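What follows is one structure encoded as structure tokens, with my remarks underneath.
The values are calculated or read from the model by the stated rules, or taken from the named source; none is laboratory data. Quick caveat: nothing in here was measured; it's all calculated off a predicted structure. Using ideal geometry, Cβ is built from the backbone for each residue, glycine included, and neighbour counts are taken over all protein chains shown. Calculation scope for accessible area: heavy atoms of the full protein, side chains included, ligands and nucleic acids excluded. Shrake-Rupley method; radii C 1.70, N 1.55, O 1.52, S 1.80 Å.
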Amino acid sequence: MQNNVILSAFDDCIEESRWIKKGNIIIEAFDSIGSLWPVSLGHHYVADLDLDQLEVDDPVMISETNGRVEQIDETFAHYLYGYVKNSIFHVGDFKFDFTKYNDYEQYDGKYIKFKADRINVEFLEEIPTQNNR
């Protein structure tokens, strides 16, 4: 699902690592295909984000939350806390297509904790701002 994000950091050791920010949440995402153009720190981008699970780990129903993210150790895996509405998983200001994890719409209207083994990012275009013209 497309999100407007800020590229906030790279990883010196892992070439595919991209730290992206939206609102007050920062996520370490995985850029498996690489950028079609050089991306720059602090710049704004339209990015396609996709949740990826290597093993099925069903979401857990939780109490209400404002949306937050917990990185699991020093991996690309994260626990995402948010709300599902119309098969869109809202985690803070981030939005993820949740269709493939919500086959029977059993999570619609619910607050959940979801384990993503990886959050894939593809940068689609740069958004011009005063800082990057």
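Some points to look at:
- Scanning segment 76-116 for residues that are among the hydroxyl-bearing types (S, T, Y), out of contact with any Phe, Trp or Tyr (no Cβ under 6 Å at 6 or more places or on another chain) and open to solvent by 60 Å² or more (accessible area, probe 1.4 Å) yields Y79, T99, Y104.
- Where A29 falls short, out of the listed (1) touching a residue at least 40 places away in the same chain (Cβ under 8 Å); (2) in a loop (DSSP other than H, G, I, E, B); (3) not basic (K, R): (2)
- Members of segment 1-26 found to be without any contact (Cβ under 8 Å) to a residue 12 or more places away in the chain and of a type in the set (A, V, I, L, M, F, W, C), listed by number: C13, I14
- So I72, is it over 18 Å from I127 (Cβ atoms), of a type outside the set (S, T, N, Q) and over 15 Å from the mean Cα position of the chain (by Cα): no
- Considering E125, E55, the condition of being at pLDDT below 95, open to solvent by 80 Å² or more (accessible area, probe 1.4 Å) and in a strand (DSSP E or B) is satisfied by E125 alone.
- Remark: D93 falls outside the filter, which requires a residue to be under 11 Å from the mean Cα position of the chain (by Cα) and over 20 Å from I6 (Cβ atoms).
- Positions within segment 82-96 being part of a strand (DSSP E or B) and not basic (K, R), in sequence order: G82, Y83, V84, I88, F89, H90, V91, F94, F96
- Checking each residue in segment 97-120 for being among the aromatic types (F, W, Y) and either assigned to a loop (DSSP other than H, G, I, E, B) or in contact with a His (Cβ under 8 Å, 6 or more places away or on another chain) (or both) picks out F98, Y104, Y107.
- Residue within segment 9-27 that is open to solvent by 30 Å² or more (accessible area, probe 1.4 Å), among the β-branched types (V, I, T) and in contact with a strand residue (DSSP E or B) (Cβ under 9 Å, 6 or more places away or on another chain) present: yes
- Within segment 58-75, the set of residues being of a type in the set (D, E, K, R) and either assigned to a helix (DSSP H, G or I) or exposed (fewer than 14 other Cβ atoms within 10 Å of the Cβ) (or both) comprises D58, E64, E70, D73, E74.
- Per the conditions (1) at pLDDT 95 or above; (2) touching a strand residue (DSSP E or B) at 6+ places or on another chain (Cβ under 7 Å), the sole criterion not satisfied by I33 is (1).
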